[in-house]
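Only one structure is covered here, and it is reproduced in the block below.
Read-outs throughout are calculated quantities, based only on the coordinates presented, and are distinct from any laboratory measurement. Since the model is a prediction, treat every value here as computed from it, not as a measurement. All Cβ positions, glycine included, derive from the backbone under ideal geometry; neighbour counts span all protein chains shown.
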Amino acid sequence: MAALPMIAAEPNPSDRLKAAARVVLKIGSALLVDQGTGQLRTAWLAALAQDIALLRERGQEVVVVSSGAIALGRRQLGLAPGVLELEQSQAAAAVGQIRLAHAWQQALAAHGFTVAQVLLTLGDTEQRRRYLNGRNTLGTLLKLGAVPVINENDTVATTEIRYGDNDRLAARVAEMASADCLVLLSDVDGLYTADPTKNPDARRLETVTGITPEIEAMAGLPSSAVGSGGMITKIAAARIALGAGCTMAIASGRVEHPLRAIEAGAGCTWFLPARSPRQARKLWIGGTLVAKGTLFVDDGAARALAGGRSLLPAGVTRVEGTFDRGDAVVVRAADGRVLGRGLIAYGDEDARAIAGHRSGEIEALLGFRGRDEMIHRDDLALD
């Protein structure tokens with residue numbers, strides 16, 4: 001095998017989880033549901049809830065992406081083992097989602113946490129307006145101290161708009177939430193150079209800093225009877241996470257306290273990005289998106305932006321272009337100089353209506369209470 005320069009060992013890799021301010025945790029079906037009985041593994045879930053409580057006690061925010069709805073529902077409906085038709089999967093998800101949400105609510109309520117259920121589809125993370133709605137909802141839930149528990153909305157998604165696995169969904173959620181760390185808990189403890197069940201010389205990679213063809217070639221087929229993922233989907237998730245500036249780990253969930261095990265140095269594979277989530281998002285806004293309009297601002301607003309502030313309606317003197325909420329727009333100074341670009345919180349008609357006005361006047365002008373900022377500083381990339 002050719003040399004793999006992207007692989008390196010670092011001291012104290014377990015500290016990466018402790019250092020993350022916002023963590024997305026993905027749990028596979030094979031961990032939550034006993035493959036023999038189809039029953040929820042309540043003792044394991046209770047132990048994981050203790051791990052989550054430990055993170056929360058340290059001030060870390062946690063988002064959970066949980067598989068298991070279809071696996072739980074198919075047993076309740078008496079569906080035979082094997083691959084389900086789409087309609088059968090949707091029916092099983094409808095039944096199993098109730099049990100899954102209730103299980104998470106019980107497990108986390110024991111530690112005083114409020115649980116919020118969020119169902120997403122592929123379109124929710126790819127269509128700009130729905131993406132922004134999801135991002136704002138997650139941000140608000142976390143700000144209010146809730147633990148969002150997310151799953152794919154299998155009951156309404158068709159084959160064309162499904163992820164089909166929660167690994168990639170978790171990576172998109174991590175991107176949406178600007179998470180610092182994504183942990184994929186599975187029945188494997190990392191990425192190996194070959195299938196360790198077939199090749200005794202296979203070794204687990206400690207650290208990966210790029211998704212190369214060699215890395216992709218190491219992925220195999222799904223090994224679980226109840227899951228729809230596999231190493232292929234985990235590598236796809238890693239590509240998304242690294243692009244969003246999010247550190248990712250593939251770790252075993254077979255132990256009772258998997259997060260504590262990671263922090264204690266249990267073997268896993270870490271995928272390390274070249275930049276932080278904030279840097280990655282700014283790069284995406286500033287260099288990737290096509291601007292749909294232009295906002296001209298006064299000198300006071302220009303100084304506020306240079307100082308790291310958001311753009312308020314009062315500082316906008318002119319609005320040009322046709323755009324929707326969430327589109328990219330260019331921000332220019334009074335003399336026409338480009339200051340940067342950002343994602344605007346209003347469509348062009350509403351933006352024109354509130355330009356030059358104070359944020360407290362927005363409701364009277366538009367008939368609804370929108371955001372105080374025309375462009376929030378987190379959605380702004382300055383030149």
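DSSP beta bridges confined to region 289-382 are antiparallel in about 75 percent of cases. Note on Asn136 and Thr212: with the Förster distance fixed at 25 Å, the Cβ-Cβ geometry gives a FRET efficiency of about 0.10. Over region 15-277, the hull volume per residue, using the convex hull of the C-alpha atoms, is 122 Å³. Pairs over the 24 Å Cα-Cα cut-off, from the set Lys143/Lys234; Lys26/Lys282; Lys26/Lys143: Lys143/Lys234; Lys26/Lys282. Simple spin-label estimate for Thr197 and Asp372 gives 5.5 nm between the two label positions (7 Å along the Cα-to-Cβ direction from each Cα). As a length-normalised measure over Cα pairs under 8 Å and 6 or more apart, the relative contact order of the chain settles at 15 percent. Think of each Lys and Arg Cβ as +1 and each Asp and Glu Cβ as -1; about the Cα centre, that makes the dipole of the chain roughly 460 debye. Once Lys and Arg get +1 and Asp and Glu get -1 on their Cβ, which of Val297, Ala43, Gly139 lies farthest toward the positive end of the dipole of the chain? The residue sitting farthest along the positive end of the dipole is Val297.
So how strong a dipole does region 289-382 carry about its Cα centre when Lys and Arg Cβ are +1 and Asp and Glu Cβ are -1, to the nearest 20 debye?
In total the dipole reaches around 240 debye.
May I ask you to list, by number, the DSSP H helices of the chain whose Cα span along the axis is at least 24 Å and whose average Kyte-Doolittle hydropathy reaches 0.0 or more? Correct list, ordered by number: 86-109.
Modelled this way, with points 7 Å down the Cα-to-C-beta line, the labels at Arg352 and Asp324 are 1.9 nm from one another.
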